[in-house]
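Input: a single structure, listed below in structure tokens.
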Amino acid sequence: MLSLSLRHISEVFLYEYYMNPDEYEVSDEDLARPHLDRASSLLADQKNSEALQEYLAASMENPVSFEAISGIIICCKRLGDIEGEYKYTRDMYNICCTRAELATYYRNLGWYYLEKYKPDLSAAIYRYSTYFQESQAAEDEIKYLETALNKPMAKESPELIQKILEDNNIPIGPSNITLALLIKAGEEAEQNGNLVQARDCYMMVYDLTGDEEIGDRINLII
């Protein structure tokens, strides 16, 4: 039977829905963590191919690890694998559970469209990422494009930038399915008396939506 290092009830719900798995069991220890730690060290030493292998190994242990998929994407960028970066960025979207993670998704997408010579779309996506989390990296990319093309970039209104994304089949917010899964995970954790993880799930939903009903649920958990 497949053994996975899912460490949180939210990961269990995300994995079961998006990966449609056969039978599996959750390992007692975090088998992904040693791979992630080695990958981080290798990445710091610019050993990108070796780091990629470790991040891929971590992803095998925990297929819904945001840290693992983020690492894979960084390696793809450094190794010049544009389509690989795009594939894993698309995979990343479904496991974005916070505004910071969603901003990371958009920055990765902005990088892809810059590499595909679509500077206006890239700048719009980088700007959109800052609506979820301010980022000097995103601002630097926009300034780079402005300097390279000698024109202002991503100066449109938020509504127009949203339309640009929609016209290019890019989601303008978190996955509604992921939000529903997080709520269900929180409810199950709460029913089982695991109030810490229940609150975690509700906090992620609240971070993404600001939903007052979810806020009330959080306040009821001591």
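A few remarks follow.
- Checking the stated criteria, Gln53 turns out not to satisfy the condition of being in contact with a helix residue (DSSP H, G or I) (Cβ under 9 Å, 6 or more places away or on another chain), farther than 25 Å from Ile177 by Cα, outside any helix (DSSP H, G or I) and not aromatic (Phe, Trp, Tyr).
- For beta carbons closer than 7 Å, sequence separation of 6+ or different chains, a first residue in segment 149-178 that is on the phi > 0 side of the Ramachandran plot and a second that is among the acidic types (Asp, Glu), there are no qualifying pairs.
- Subset tally (residues that are in contact (Cβ under 8 Å) with a residue 60 or more places away in the chain, surrounded by fewer than 23 Cβ atoms within 10 Å (Cβ to Cβ) and part of a helix (DSSP H, G or I)) for segment 60-102: 2
- Any hit, segment 130-137, residues being assigned to a helix (DSSP H, G or I), open to solvent by 20 Å² or more (accessible area, probe 1.4 Å) and either at negative phi or of a type in the set (Lys, Arg) (or both): yes
- Within segment 16-28, not a single residue is hydrophobic (A, V, I, L, M, F, W, C), under 18 Å from the mean Cα position of the chain (by Cα) and open to solvent by less than 30 Å² (accessible area, probe 1.4 Å).
- Residue in segment 11-31 that is modelled with pLDDT of 95 or more and of a type in the set (Gly, Ala, Ser) present: no
- No other residue among Tyr126, Tyr105, Tyr112 is modelled with pLDDT of 95 or more, in contact with a Leu (Cβ under 9 Å, 6 or more places away or on another chain) and crowded, with 17+ Cβ neighbours inside 10 Å apart from Tyr126.
- Positions within segment 195-211 being within 21 Å of Met92 (Cβ to Cβ), open to solvent by 30 Å² or more (accessible area, probe 1.4 Å) and not hydroxyl-bearing (Ser, Thr, Tyr), in sequence order: Asp200, Met203, Met204, Asp207
- Condition check for Tyr113: among the aromatic types (Phe, Trp, Tyr), farther than 18 Å from Ala100 by Cα and not in a loop (DSSP other than H, G, I, E, B): yes
- Flag for Ala44 being surrounded by fewer than 24 Cβ atoms within 10 Å (Cβ to Cβ), touching a Ser or Thr at 6+ places or on another chain (Cβ under 7 Å) and aliphatic (A, V, I, L, M): no
- Checked against the criterion of being within 19 Å of the chain's Cα centre (by Cα) and exposed (fewer than 15 other Cβ atoms within 10 Å of the Cβ), the candidates Asn219, Asn192, Asn169 yield just one match: Asn169.
- Qualifying residue in segment 58-66 (condition: β-branched (Val, Ile, Thr) and over 21 Å from Gly186 (Cα atoms)): no
- Single residue of segment 188-197 satisfying the filter (in contact (Cβ under 8 Å) with a residue 12 or more places away in the chain and outside any loop (DSSP other than H, G, I, E, B)) that is nearest to Tyr17 (Cα to Cα): Glu188
The values are calculated or read from the model by the stated rules, or taken from the named source; none is laboratory data. Bear in mind that the values here come from a model prediction, so they are computed numbers and not experimental data. As a convention, Cβ positions derive from the backbone with ideal geometry for all residues, glycine included, and neighbour counts pool all protein chains shown. All accessible areas refer to the heavy atoms of the entire protein, side chains included, with ligands and DNA or RNA removed. Shrake-Rupley method; radii C 1.70, N 1.55, O 1.52, S 1.80 Å.
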